[in-house]
Amino acid sequence: MNADERRFEVLRAIVADYVSNQEPVGSKALVERHNLGVSSATVRNDMAALEDEGYIAQPHTSAGRVPTDKGYRLFVDRLSEIKPLSQAEKRAIRSFLDGALDLDDVMRRSVRLLAQLTRQVAVIQVPTLSRAAVRHLEVLPITPSRLMLVLITDTGRVDQRIVELGDVISEEAVAKLRGVLNQAMAGQRLADASAKVAELPEEVPPDLHDPMLRVATVLIETLVEHPEERLVLGGTANLTRNITDFPGSLRQVLEALEEQVIVLKLLAASRDPGRVLVRIGEENEAAEMRSTSVVSIGYGSRDNLLGGLGVVGPTRMDYPGTMAAVRAVANYVGEILTGR
């Protein structure tokens, strides 16, 4: 191997040892632990070159070196492929997520699982109604003059609304309302469905005009609502395992995680369900997050991106393992929600 390839092998060994042991790495330890095929003197020369180029740094007067943000970036960029999880790990993920009862349960289970797999903070963006399409609308009579509407979207979200009709309606009329509404709305994006629903009171027979008007009013309010985007977090306590990973800034990181806008911006860049995005240290725009790395990906499909998910942790993290876990959980969450 040439000098550049050999130096990268030295960098990779430093990253592996530092992530594992949290101790600055010296040339003697590298030669003892890794089969680099060169002498200690050559390793020292390579480490000096890596330090001159800004890939490693000497944190204090010890002989050891630690990777810099630039060093981690080179390491991540040179990962030829993300090592897949084992079949047992994949089965465990699928089994855990398949047990979810509804959308909120999928979100909670996903962050809990991802936090356990990576031992970092996990975060997932809840799909908003504005991204969704109507899968089905159920119209259920509660009393002769009151209906329940159950709107089910293709993201697995379920919204319920009560409609007070002000007059008695027959079961036959309820069935007609249900049929007309589903014919107009099924498969439509919510904004388009809202426009179609607005026209229905004038299109139905006169005896259905008043109940359809009341139903349409409630539905339009539901469909055009754009609730503030929500996040679900899990494993925040994981950050406190090694406080030294955040010299003087752990509190800032925890406060930033509470600011959903900051985290939403981090996930907003993850627009591709097929590509894991890694932001390391200073690459994060928010000053509070510059002692962290963020590993994220979109979930859903390229045609129907539902949101982003990922983990936040110190720059000293197991990047290959974290990237594999993030991608695997995103794949299963996307399958579950788009397949519901």
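The values are calculated or read from the model by the stated rules, or taken from the named source; none is laboratory data. On a predicted model such as this, the values are computed, not experimentally measured, just so you know. With ideal geometry, Cβ positions are generated from the backbone for all residues, glycine too; neighbour counts draw on all protein chains shown. These area figures cover heavy atoms from the full protein model, side chains too; ligands, DNA and RNA do not enter into them. Shrake-Rupley method; radii C 1.70, N 1.55, O 1.52, S 1.80 Å.
Can you tally the net charge around Leu177? Count Lys and Arg as +1, Asp and Glu as -1, for every other residue whose Cβ sits under 15 Å from the Cβ of Leu177. Walk me through the numbers before you get to the answer.
On the way: positive: Arg146, Arg161, Lys176, Arg178, Lys196, Arg214; negative: Glu138, Glu164, Asp167, Glu171, Glu172, Glu199, Glu202, Glu203, Asp207, Asp210.
So the surrounding residues net to -4.
Taking only C-alpha pairs under 8 Å that are 6+ residues apart, what is the relative contact order of the range 246-339 in percent?
25
For the range 1-78, what is the charge dipole size about the Cα centre, in debye to the nearest 20, if Lys and Arg each add +1 at the Cβ and Asp and Glu each add -1 at the Cβ?
Numbers: 10 positive and 12 negative charges, 22 e Å.
That gives the range 1-78 a dipole magnitude of about 100 debye.
Would you work out the relative contact order for the chain, in percent, from Cα pairs under 8 angstrom that are 6 or more residues apart?
Working: 572 pairs, mean separation 62.1, N = 340.
RCO, the chain: 18 percent.
So how strong a dipole does the chain carry about its Cα centre when Lys and Arg Cβ are +1 and Asp and Glu Cβ are -1, to the nearest 20 debye?
I would put it at about 1280 debye.
Using a 1.4 Å probe on the protein heavy atoms only, what accessible surface does Glu138 show? Give it in Å² to the nearest 10.
50
For helix 319-339, report the angle its Cα long axis makes with the longest principal axis of the Cα atoms of the chain; keep it between 0 and 90° and round to the nearest 10°.
10
Rounded to the nearest 10 Å², what accessible area does Glu221 show when all protein chains are kept and the probe is 1.4 Å?
Surface open to solvent at Glu221 totals about 110 Å².
In whole Hz, what ³J(HN,Hα) sequence does the range 76-86 give by Karplus (6.51, -1.76, 1.60; θ = phi - 60°), x for Gly and Pro?
With coefficients 6.51, -1.76 and 1.60, one gets 5, 5, 8, 5, 5, 7, 7, 4, x, 5, 5 Hz.
Taking the full set of protein chains and a 1.4 angstrom probe, give the accessible area of Lys70 in square angstrom, rounded to the nearest 10.
Accessible surface of Lys70 is approximately 100 Å².
Computing the accessible area with a 1.4 Å probe over protein heavy atoms, can you report the carbon and sulfur percentage for the chain?
Answer for the chain is 48 percent, counting heavy atoms of protein chains only.
Work the Kirkwood hydrodynamic radius out for the range 156-260: mean of 1/r over every pair of different alpha-carbon atoms, inverted, in Å.
17.5
How charged is the neighbourhood of Ala122? Take every other residue with its Cβ under 12 Å from the Cβ of Ala122, and add Lys/Arg as +1 and Asp/Glu as -1.
Details: positive: Arg108, Arg109, Arg112, Arg119; negative: none.
Cβ neighbours under 12 Å give a net charge of +4.
Please compute one quarter of the surface area of the Cα convex hull for the chain and express it in square nanometres.
For the chain, the mean projected area of the Cα convex hull comes to 20.4 nm².
Which of Arg279, Arg12, Arg214 moves the most in a Gaussian network model of the chain with Cα springs under 10 Å?
Per the Cα network of the chain with a 10 Å cutoff, Arg214 tops the list.
Which residue, Ala88, Ala115, Ala186, has the most motion in a Gaussian network model of the chain that connects Cα atoms within less than 10 Å?
Ala88
Per DSSP H run of n ≥ 4, the term is -39500 (n - 2.57); total these for the chain, divide by its residue number, and report the mean residue ellipticity at 222 nm rounded to 500 deg cm²/dmol.
Here the helix-only value at 222 nm equals -15000 deg cm²/dmol.
What three numbers, in Å, describe the spread of the alpha carbons of the range 209-340 along their principal axes, ordered from the longest?
Ordered largest first, the range 209-340 gives principal extents of 67, 29, 23 Å.
Normalising by the residue count of the range 1-156, find the relative contact order in percent from Cα pairs under 8 Å and 6+ residues apart.
15
In a shell of Cβ-Cβ distance under 14 Å around Ala13, excluding Ala13 itself, what net charge do Lys and Arg (+1) and Asp and Glu (-1) give? It would help to have the intermediate numbers written out before the result.
Numbers: positive: Arg6, Arg7, Arg12, Lys28, Arg33, Arg44, Arg65, Arg78; negative: Glu5, Glu9, Asp17, Glu23, Glu32, Asp46.
With Lys, Arg at +1 and Asp, Glu at -1, the neighbours total +2.
When ligands, DNA and RNA are left out and all protein chains stay put, how many square angstrom of accessible area per residue does the range 53-105 have with a 1.4 Å probe?
60
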